[in-house]
Structures are given as structure tokens and as C-alpha cells.
Amino acid sequence: MPGAPNKKQKRADYRLARSQQDGATEMPKKKFYRQRAHANPFSDHQLEYPISPDHMDWAPFFPAYTADPEELPEATASANDDQTAQRQPKRMRQDVEILDIGCGFGGLLVALAPRLPDKLVLGMEIRTQVTEFVQERIRSLRAQHQDSNQFQNVGCLRANTMKFLPNFFKKGQLSKIFICFPDPHFKARKHKARIVSTTLNSEYAYALRPGGIVYTITDVEDLHNWMVHHLELHPSFERVSEAEQESDECVKIMTTETEEGKKVERNKGQKFVALFRRLEDPPW
Amino acid sequence: MAPLPFQFLCALGQDGILCASRGDTLYTFGADCALIAEHSLGGSPATAPEGSSNAEEERNPAPQKGPSEATSQTQGTEEEVNESATPPPKRRKVDSSVADVSAAQPVGGNDKTQAVNGGGQKKKKAEKPAEATEKAYVILLKATGDGSHVVAVTGGNKTVHALEHDGKGHLTGLSQRQMVKRPSDIALTADEKTILVADKFGDVYALPLIPSADDSLDGGAAAALQEATLLARKGANNLTVHTQRNLRSLEEQARQRAAKAAQQQQQKDAGPTFKQDLLLGHVSMLTSIVAATADGRPYILTGDRDEHIRVSRGIPQAHVIENFCLGHTSFISTICLPRPDLLVSGGGDSELFAWDWKAGVLKSKVELLQHAKNEANVDGDKIDVTGLYPCHVAGGSGLLMAICERVKAVFVFKVQDGNLVYAETINVAGYPLDIAFIQVPGQQSGRMVVSLDQDAEGASPSPSGLYVHLLGNASAEQAPVYPNPEGGRIDDLPRPEVEKILYTIGNLRKTEMSDDVAAGGDNSAAAGEAGEPAPEAAEDESGAP
């Protein structure tokens, strides 16, 4: 395709320039990070993912939340053994609790982070370029708010959540999962690629603690019906009442602050919101 | 050309009867190793022409008549196939050589495919007879603990066959159920009344072993049908698309949908005509499934190509995930339970993993590659474990056998104190394909039967390729020999074809390729990871056995 190498070059130049800039406070430009809005969740890609949640090193994503060695009594014991210390990722003072699946350009993340200052918010995005953008965006925001220490509780990484969610999160680790404007996959043959499905909901239920909430929003009515149908059908979830939905602050943020949400607004489209609560597992 | 060897084995009950599959035929051997009977699974009608007595006998009575009848209509020339009103999913199974070319070509799409593929299509056509027969071969074989029933899966037509065993080596077909996706492993629940079918698309279905009459097209299937029609109405609307061009195509779609509606009505019976409940699913190719029991409650353990072992509750709460056993760094190909509380898994890693599956905790890793290098002349630093076989017959109790793809050895491990310990390597004359343990009444030691493939040099290990190893103290005695059955149809295939059928596990290994390559196709230049081809690849039948 003509022009493509040129684009590639421009992007490389831009990234180089940014990386040389120390403490870049300037926000990254979206035009250097755009990527086709569809990714194949079944493909192998070249993903980096931890073997298990215990192997996950969160320190690069939340550097302000790594536990100081003195704070942890066990740390002294492990310090003796250099090898295990190297292999064991740094301990965190707290775990990620809020997840945005398919965070896109990170509108929701940066809106949520200041409103939930005592929680760690993570965005997961399958597109490399877009992930990079969000990471740059967070870097800039952190640099801009050095005094207030804001945006230290937000991070973004590249992942295929449909395949590797249990590699990142322990059972019941999360309290909120956001699924905002997912790929609708209109063709019936592609429905298995949808982010909400009967079988995949079991994995969300696994990562969510009882009482945790799945937030869904889409501008595609059919997809909305699909998500409602499949989440309601799943015995581990119940739909949150309209009234409670209205009073949830996150719903407002989700509706107005996501990039897609803004785009739908511009196009005067509809938005369909549905919330689902994770129920206690039945006795076994 | 090379004859197909015996591939899958299972013991039927405690009377020393062995069931072995070769191609699409099941053979039973008695305790004295004599051949008792053959039972052809008929395969797809393409392989068993109308009037072939063998296939006709196996045809089932009323409820199952539906699918087999429908499929037999589709045999014959492609022109006929095109005109027949059979629904697309089924056609794809029967007419697999065409389906291979264009994974999900809708009805009437064949002409286009031919045009597009030109010369290539001709070649495919020439190969068709061989390929069609290959497709109907047995790919999975399991028997109930008491040997009263056998479940076999044939590949090409994705059909689950349930058979009854009279206890003396004679099999009778009970039912044939055609799955939508190719099964990759099966297991029987603890009560042995339900077959758990794991498929290439990552889903697990529960099928009653013996379908009752009122099960056919019951609520579940009907609901699925209803959903299918519901989905037909789904799509974008003028609020979700904005560009003029998209709006135009939306109108076009609406028109097409209206035309399709009538057609859909006809295709209604395309859905499953038997009871199958979706229990759980991975977004990955499932490679292994076992049913487990702990504290009197059932569990389902599933292993996939993306290194996960999932522990789910059993029926009826299979939607609840208890935990994951995570630790593998390459695909998982097989899992087993040598003891109810001990899970052993193997695949592309150089070790076997022993788990406390209930807690999701790795107990130990047991080296395998090093033994393969030292004792079985394996060079290279990768092995692909194809099978793990816990032994419960006399003389071998507490042993676990492991075999790897293209490694002429059986690796023996001991289960000790709830853990796994390497014991010895038994060298064999060919590549091992499957293992069954046979308990012969009145004898002190059981038999380990290994089905062997002739090695690359073409040296035949034994006439039948069934190698017998006596367990325990009896290993000095003369091992009995299974005869090579003369009767029946033995397919002679080119050696590469045979290898394609027998050796499928190594293909599960992920290749180190960049996203651009992974995406492939025409979109890769425009965007990093378009990746259209992969779902087809996942669905494609040629990908696995």
C-alpha cells in the first residue's frame, strides 16, 4: 500500500522524539496511534501474559504502589535468597480491582482514576498501538499531576482478555468490570468472538467477587439485547435495577467520558446501558 | 503407500477384551488375543456407498435416521450436492474437500470457489476419494468402566457414536450424533450416563450416553433453534452506521434478510436434532477433558491449547469455575487422574506437571525430555506428550505411562505419596499411538497393549502393530501376540497422509511469528493485526487429525 512506509516512519519518529523527552507532560497525539478497530481474539498474536496471577509483575504499571521491602515482614526472608527475589515479582500494596476490558484510547480510565483514588484501575486493550497511546497518555498525566500524585492508580496493558483473563487475576479479585462499546461482530458466524457470551461469562464471574458489577454499554441495540440475554441467562449474574443504575456514578462516567461514547453523542446515536451483579455461588 | 495402523485402544470390561480402532472400523479381541468381531462405523456415506451391507446394518432406527438420511442424500456428484436442500453446516461435513477450500462457504457457494481457486480446485478434486475416507476415521475412543458401552468419535463427519457391548466382544450401534464442531476429547461422567464432548472451538457439551426418545429436539435444542432465528434479525441499524455507503449496504442487507427468511424456515432442522447441553467454554482449542470427583461431588477439568487447565463444578453447576491450574508454558495436550486427588498434565512442555487440582496448586514438575534424550534417542529439545495413561490393572497398579509424538518409547512413572516419580523407560519398536491396559481373568499380571506405527524406515514392528508388554513380575514370560485381522477394508494411504492422521499434537505448538504474519491476508498491510483467517483456521478440519 503506498504511503504505508511513510506512515510507519512518521510514527517511529514521533515515538523516538517522545521517548527522548524526559517527563513528557505533553499528551500523545492520537493520529500516531490509530489502528484498525477489530482484532481477532482467536489468533495467537504475540502476547505477553504471566503464567499465573502470582507471576504477574504489576510494578511497571503502578510504580507508586509497590510495597517497600521494610513494610513486609516476609520480604526479609526472601531477600536472603537472591534468585527467588529476582524471580518473584515485586509485591504490591494492593491489587487491581477495577478492570476496563477493551479500554480503547483510555477515556474511561482517566476519568475513573481521580474519582476512585483508593482503587487500582487497569485497562486492557488488544491493539498494540492503542495500548501504547494509553500508556503514553497515563505517563503524561502523571507528569502533569506530579504534585497531587493523581493518575498513579491507573494503568494499561496489552492483553487478550478472552483468552488470558485468569492469567492476570485471582479468583474474586475484581470489584468492577467495564465492557464499553465492544466490537459488535454482527455476523452470526462471529458471535463466538463477542466479548460477552454464556461461556465467557463464567470467567468474568470467576474474576469478580460476589457483589461485584459488570458494566456494559453499547450503541448497538442488538448487541445490547445479546449481552443482556447472555448475562441474565447466566446463573452467576443478576441485572441491576434501573434505579440503582441511575444512581451509579460510574454509569455517568461510562456514558459521557469514553471516546466511543462521545462519538455516539456527536452522531446522535443511542446508548444502551446494562449492569449486572455477581451473585454468590450456590452451595455445592 | 502404507496401510493404516491400529490407532486407538480401549479395554472393554474386566474380561480381557480389547477394542482397537483402525480407520473407521473397530476391532475387538478376546483375552486369548483372537479377533472376535469387526464393526465398521460406516463413516460418511461417501465412504460407504449405498447398498454396502456393512454401512446399512449400522444405520440407526427412527430418531437417528434423520441425519444419516440427510447425509446420504448429499453424496454423489457436486452438482447434486449443490442442488440438494440440505443445510450448509451438514454439507460441509460430508463434502469436506470443498469445505477445506472455503471454510464456511454458504449453500451454492461451491461454484464460486471453483472459479476462484481454478487449478487448485482440480487437484483437490482428484484427491477427493482419499480425503473423504480419511475424514471419517475414528479420532477418539472411550469405554465405560464396566465395558458395557463404547463411545467413538469419527473425525470427518464429527459424529459421536455410542455403541453397546454385549460383554463378549460384539458391538451394536446405538446412536450417531453429529456435532457442529469437531470433538477434540471426550469423557464420561462418574455415573457413566453422560458423555462430555470437548470441541475444537473450546466448548464442552453434555450428551446423554443413551439418548431417550423424548430427548430428541427437546427444550434445549428448541431454544437453540429459537435463538438462531432470533439472531437472524440482529444486525446494525441506521443509528449505528453513519456513512452513506454503510447506510446503503444496510438497506441491501435488509432486503437480503427478507429473502433469506423463507429459506431459514426450511433450514430449521439444521439445528441439533438431539439433546446437547452447553456446559462451559474456553476461548481456545480444548485438547483434553476429564471428569473428576472430590468429596462426593463431580467436577469437570478441561485443558486447552493456551496453557490453561480449568476446574469447573460438574453438572448441574458447570458454569461455576472453581479455579485454574496455571503453570504450563506451552500447550496442554492431555490430562489424567492417576488418583482422584492428583491431576497430571502434559503437552508441549518438557516436564509433566502434577497438581492438587482441587486447590489449583502445582505439586511438582517431573522431567520427561531428559529421559527421552537419554533413553529414547530424542534429539532436539522439544517433545510433545500425546498420552498419559494411569494403570489400574494387576501388576501395574499405581503406574502412569506417558507417550510422546514420534518417540519410540513408553515412559513409566510411579505415583508415590501423592506425587509422581520417574521409574523407567520401555523402548518399543515403533512410534506409540495409544495405550490400553488389559486385565486377563485368572492371570496375575495385566497386559499393557501399545498400538505402534511403523517408523519412518518402514520396519514393521509386529504384524498387527499391537505390542504387548506384560506388567509386573510376568515380564519374563512370553507375551501374547495380537493377530492382524485379514478381513475388512484396510486403507492404503500415501505415507504423508498416514502421518497427517496419526501425528497431530505437535501442530498445537505455537509458532514464533510476528503479529503481521499472524494476521496474514490482505489486511495486514493496512493494519497491524487484521487476522481474518484465524477463525477459519480454528474451525478448519484440516488443522487437526
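Annotations
- Taking each residue of region A:262-284 that is within 11 Å of chain B (Cβ to nearest Cβ) and looking for partners that are of a type in the set (A, V, I, L, M, F, W, C) and surrounded by fewer than 16 Cβ atoms within 10 Å (Cβ to Cβ) with beta-carbon atoms closer than 6 Å, six or more apart or interchain, yields A:269/B:239; A:270/B:239.
- The criterion of being free of Cβ contacts under 8 Å to residues at least 60 places away in the same chain, out of contact with any Ser or Thr (no Cβ under 7 Å at 6 or more places or on another chain) and small (Gly, Ala, Ser) holds for residue A:172.
- Test: residue in region A:173-183 that is farther than 23 Å from residue A:273 by Cβ and modelled with pLDDT of 95 or more: yes
- Scoring residue A:207 on the criteria (1) surrounded by fewer than 19 Cβ atoms within 10 Å (Cβ to Cβ); (2) of a type in the set (A, V, I, L, M); (3) within 21 Å of residue A:169 (Cβ to Cβ) leaves a single failure, condition (1).
- Scope region B:456-513; condition polar (S, T, N, Q) and at pLDDT below 85; matching residues: B:460, B:462, B:464, B:473, B:475, B:478, B:484, B:511
- If you go through region B:340-355 and keep only what is in contact (Cβ under 8 Å) with a residue 60 or more places away in the chain and surrounded by fewer than 22 Cβ atoms within 10 Å (Cβ to Cβ), you end up with B:341, B:342, B:348.
- Listed by first and then second residue, the pairs with beta-carbon distance under 6 Å, at least 6 apart or on different chains, first residue in region B:163-180 and part of a loop (DSSP other than H, G, I, E, B), second of a type in the set (S, T, N, Q), are B:169/B:28.
- Any chance residue A:13 is farther than 20 Å from residue A:169 by Cα and touching a helix residue (DSSP H, G or I) at 6+ places or on another chain (Cβ under 7 Å): no
- Among residues of region A:147-165 that are over 16 Å from residue A:53 (Cα atoms), those with a Cβ under 8 angstrom from a residue that is surrounded by fewer than 23 Cβ atoms within 10 Å (Cβ to Cβ) and charged (D, E, K, R), sequence gap 6+ or separate chain, pair up as A:150/A:142; A:151/A:142; A:152/A:142; A:153/A:118; A:153/A:119.
- Candidate set: region B:388-420, residues that are of a type in the set (D, E, K, R) and farther than 16 Å from residue B:503 by Cα; chosen: the one nearest to the chain's Cα centre (by Cα): B:414
- Residue B:350 vs. criteria more than 14 Å from chain A (Cβ to nearest Cβ), among the polar types (S, T, N, Q) and either touching a helix residue (DSSP H, G or I) at 6+ places or on another chain (Cβ under 7 Å) or over 21 Å from residue B:508 (Cα atoms) (or both): yes
- Taken over region A:204-232, the criterion of being outside any helix (DSSP H, G or I) and away from chain B (no Cβ under 12 Å) is satisfied by A:209, A:211, A:212, A:213, A:214, A:215, A:216, A:217.
- Residue B:359 fulfils the conditions (1) under 21 Å from residue B:451 (Cβ atoms); (2) assigned to a loop (DSSP other than H, G, I, E, B); (3) not polar (S, T, N, Q) except for a single criterion, (1).
- Any strands (runs of 3 or more DSSP E) falling wholly within region A:112-184 and containing at least 1 residues that are within 21 Å of residue A:252 (Cβ to Cβ) and touching a Cys at 6+ places or on another chain (Cβ under 9 Å): A:120-125, A:174-180
Results for (1) within 28 Å of residue B:414 (Cβ to Cβ); (2) touching a residue at least 40 places away in the same chain (Cβ under 8 Å); (3) over 22 Å from the mean Cα position of the chain (by Cα), shown as yes or no for each residue.
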{"residue": "B:285", "(1), (2), (3)": "no, yes, no"}
{"residue": "B:292", "(1), (2), (3)": "yes, yes, no"}
{"residue": "B:297", "(1), (2), (3)": "no, no, yes"}
{"residue": "B:300", "(1), (2), (3)": "yes, yes, no"}
{"residue": "B:317", "(1), (2), (3)": "no, no, yes"}
{"residue": "B:326", "(1), (2), (3)": "yes, no, yes"}
{"residue": "B:338", "(1), (2), (3)": "yes, yes, no"}
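- Among the residues of region B:281-299, the ones that are among the hydrophobic types (A, V, I, L, M, F, W, C) and farther than 11 Å from residue B:357 by Cβ come to 5 in all.
- Single residue of region A:156-197 satisfying the filter (farther than 23 Å from residue A:113 by Cβ and touching a strand residue (DSSP E or B) at 6+ places or on another chain (Cβ under 8 Å)) that is farthest from the other protein chains (Cβ to nearest Cβ): A:196
- Any hit, region A:198-205, residues being under 15 Å from the mean Cα position of the chain (by Cα), of a type outside the set (A, V, I, L, M, F, W, C) and farther than 25 Å from residue B:202 by Cβ: no
- Residues within region B:309-347 that are polar (S, T, N, Q) and more than 8 Å from chain A (Cβ to nearest Cβ), tallied: 4
The values are calculated or read from the model by the stated rules, or taken from the named source; none is laboratory data. This is a predicted model, so every value here is computed, not measured. All Cβ positions, even for glycine, are placed from backbone atoms using ideal geometry, and neighbour counts span all protein chains on display.
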